[in-house]
Amino acid sequence: MASLKILGVRVDKVDMLEALCLVDSYIQEGSFHHVITLNAEIIYQAQSNEELKDLINGADLVTPDGSGIVWAAGYLGEPVAERVTGIDLMLEICKQAHHNGWRIFLLGGAPGVAEEAAQALKKDQPNINIVGTHHGYFQQREEEAMLAQIRKAEPDLIFVALGAPRQEFWIRAHREQLPVKIAIGVGGSFDVVSG
Ligand code: UDP
């Protein structure tokens, strides 16, 4: 997969269709994959945070989320075709999930928001298999029970909406305990989807 670096941070040159093909192949493969949708703000934060830079550069897929990324890629003579935003990727994956029977877990947002987002997604894709939700305002002592809930639900994919870059660090810290094939940070997407 072709990629470029913007201020030392990797971005993969994928459009939405290519990102979806990769998601499909990750599910077939079956091992854990971390997908990041990158915007300029995270690149800015990574300039003073080597750990964040390493985390992004080591992810399985880094899509060009922000318009600033698309602009910078063009400016550097390494154009990317289009934005692949967290919310669009989530919605497109949900369409595929509806057809392929992928099991989905929604983690994040204020109490009730992930459940409302699940209801909204089900309205669009009645056969979608959302196997569980949990809000994003958990205490550390509640984390083990939450991880047990996620494991029991046996999702293929987890969308994590804790805001960037917290969600990326959370995914990396818990990758061994997450029984999923794909984890994607989606920022404020549940707020948008739930209306
Ligand atoms: N959030 C959360 N737990 C927290 C802090 C934030 O679940 O401890 C949620 C918040 O409710 C919101 C999302 O994370 O739904 C962050 O949205 P924002 O638009 O700020 O994130 P960005 O898209 O900029 O990463």
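Derivation of every value follows stated rules applied to the coordinates shown; laboratory data play no part. Everything quoted here is computed from the prediction, not taken from an experiment. Here the Cβ positions follow ideal geometry from the backbone for every residue, glycine too, while neighbour counts run over all protein chains shown.
Work out, step by step, the length gained on full extension between Phe169 and Phe138: first 0.36 nm times the residue separation, then minus their alpha carbon distance; give nm to one decimal. Walk me through the numbers before you get to the answer.
Numbers: separation 31, 0.36 × 31 = 11.16 nm, distance 1.53 nm.
Contour length minus the Cα-Cα distance gives 9.6 nm.
Once you charge only the Cβ atoms, +1 for Lys and Arg and -1 for Asp and Glu, what is the size of the charge dipole of the chain about its Cα centre, to the nearest 20 debye? Don't skip to the end; give the middle numbers.
Numbers: 16 positive and 26 negative charges, 41 e Å.
I would put it at about 200 debye.
Can you compute the helix-only [θ] at 222 nm over the chain? Use -39500 (n - 2.57) per DSSP H run of at least 4 residues, normalise by all residues, nearest 500 deg cm²/dmol. All intermediate terms of the calculation are to be shown ahead of the outcome.
Working: 9 runs with 91 residues, N = 195.
Computed ellipticity for the chain at 222 nm equals -13500 deg cm²/dmol.
For the chain, give me the percentage of DSSP beta bridges that are antiparallel, rounded to the nearest 5 percent.
On the way: 4 of 25 bridges.
DSSP beta bridges in the chain are roughly 15 percent antiparallel.
Would you mind putting 166-174, 185-193, 48-56 in packing order, based on average other-beta-carbon counts within 10 Å, highest first?
Numbers: 166-174: 18.1, 185-193: 23.0, 48-56: 14.6.
My ranking of the peptides, most packed first, is 185-193, 166-174, 48-56.
When the Cα centres of the range 141-191 and the range 39-93 are compared, how far apart do they sit, in Å?
If you average the Cα positions of each part, the centres end up 20 Å apart.
Please get the size of the charge dipole for the range 56-152, origin at its Cα centre, with Cβ charges of +1 on Lys and Arg and -1 on Asp and Glu, quoted in debye to the nearest 20.
Details: 8 positive and 12 negative charges, 73 e Å.
Value, rounded to 20: 360 debye.
Stokes-Einstein diffusion coefficient for the chain at 10 °C in a medium of 1.306 mPa s, Rh from the Kirkwood formula over Cα pairs: what value in µm²/s?
Working: Rh = 16.7 Å.
The estimated diffusion coefficient comes to 95 µm²/s.
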